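One structure is given below, encoded as structure tokens.
Derivation of every value follows stated rules applied to the coordinates shown; laboratory data play no part. Everything numeric in this text was worked out from a predicted model, so none of it was measured. Cβ coordinates were reconstructed from backbone atoms using ideal geometry, including for glycine residues, and neighbour counts include every protein chain displayed.
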Amino acid sequence: MTAVRNVHERVIEAPAEAVGALLDRLSAADDPLFPAPAWPRMRLDGPLAVGADGGHGRIRYHVTAYDPGRRVRFDTPPGGGLDGYHEFTVAPLGAERCRVRHVLVCEAHGLVRLSWMCVIRPIHDTMIEEIFDNIERAAAGGVARPTRWSPWVRLLHGLGWARPETVTTPPAARLLRTGLDRTDYEDAYRMELLPGLPRDPAAWTGILRNTFPVLARSGGELLLDVNTGGLTARASILVDDHHVTLSTAVQTDGPRARLYWAVVKRVHPFMARTMLRRTHRTLALTAPPAGERPRTAHRTRT
């Protein structure tokens, strides 16, 4: 068993009351601090209050102390490998300055000790510093030196990014359903529409490398002509309140098209999932940080 104590703090050139008000919005729909969508957002089963349960990603915790505008503490459930707590505090340093601190204290058991050193700690350190960046953006009007990801964190982030879910073609993909005389093959893959990701389906055409013409658009659906190798094929990008879905429909006309598709359909599902996942991550990494979303529309990860 290994004792872990991890401390981050930063002086913010803003009143403690302003920073505390931001802290009170952790896990809310308009949370200005948690660095989503690059990282999984904080979710609680109710408002920020003692007794609320939730977490971010695979990390689970519940609120055990809450002093609005000053302190919030989250305890991890026993048996998770990292048993302990983490908390944010805000302390005034005068009328126009304050100190924000995050403290993690826990016991690491078994193989989690190695995971903490190699995986969890570098990700944790990066996320906390990005939360501090967002505090500065929202309360002090900007951050002079934004947190940079190390090559190791970038690698871990890429390996851990979510993967598309295989689904049936959504009923709302009406353009795709009426785009062909008949359908000899169809598939669909979707991913969660994270906070900060674009709601305009045109922003997602990078899934197909922006190489295919747009045939039609209706509401949140974009229909693209992906004819190739003699195939008549259509792709639909559908964005709704919760997901972005890439659907494909193929019509094979003639021996050449059937032969071509017999080969391509073996790799098509892998390619479709890979392209959707890559674009989903790219857009997440270029989304404006939470502290700037009301003021800007684009940011590139450094």
Open item on the list: What is the angle, in °, between the Cα long axis of helix 151-160 and the longest principal axis of the Cα atoms in the chain? Nearest 10 is fine, range 0 to 90.
Closed with: 60 degrees
Open item on the list: Net charge within 10 Å of Arg99 by Cβ-Cβ distance, Lys/Arg positive one each and Asp/Glu negative one each, not counting Arg99 itself?
Closed with: +2
Open item on the list: Among Ala91, Gly254, Thr126, whose Cα projects farthest towards the positive end of the dipole of the chain, with charges put on the beta-carbon of Lys, Arg (+1) and Asp, Glu (-1)?
Closed with: Gly254
- [ ] Would you mind listing how long the chain runs along its three principal axes, going by Cα atoms, in whole Å with the largest first?
- [x] 76, 45, 35
Task: Sorted by Cβ neighbour density within 10 Å, fewest at the top, the residues Phe212, Phe270 - done: Phe270, Phe212
Open item on the list: What is the angle, in °, between the Cα long axis of helix 268-285 and the longest principal axis of the Cα atoms in the chain? Nearest 10 is fine, range 0 to 90.
Closed with: 40 degrees
Task: Computed FRET value (nearest 0.05) for Thr286 with Ser115, which takes r as the C-beta separation and R₀ as 25 Å - done: 0.30
Open item on the list: Using Cα springs under 10 Å in a Gaussian network model of the chain, which residue among Pro35, Pro78, Pro47 shows the largest mean-square fluctuation?
Closed with: Pro78
Task: Tilt relative to the chain, helix 121-140 - C-alpha long axis, 0 to 90 degrees, to 10 - done: 80 degrees
Task: Choice from Ile120, Ile135, Ile237 showing the highest fluctuation, given a GNM over the chain with Cα pairs closer than 10 Å - done: Ile120
Open item on the list: Need the C-alpha centroid separation for segment 44-106 versus segment 212-286, integer Å.
Closed with: 43 Å
Open item on the list: Using only DSSP helix segments of four residues or longer, with each worth -39500 (n - 2.57), what per-residue ellipticity at 222 nm results for the chain after dividing by its residue count and rounding to 500?
Closed with: -7500 deg cm²/dmol
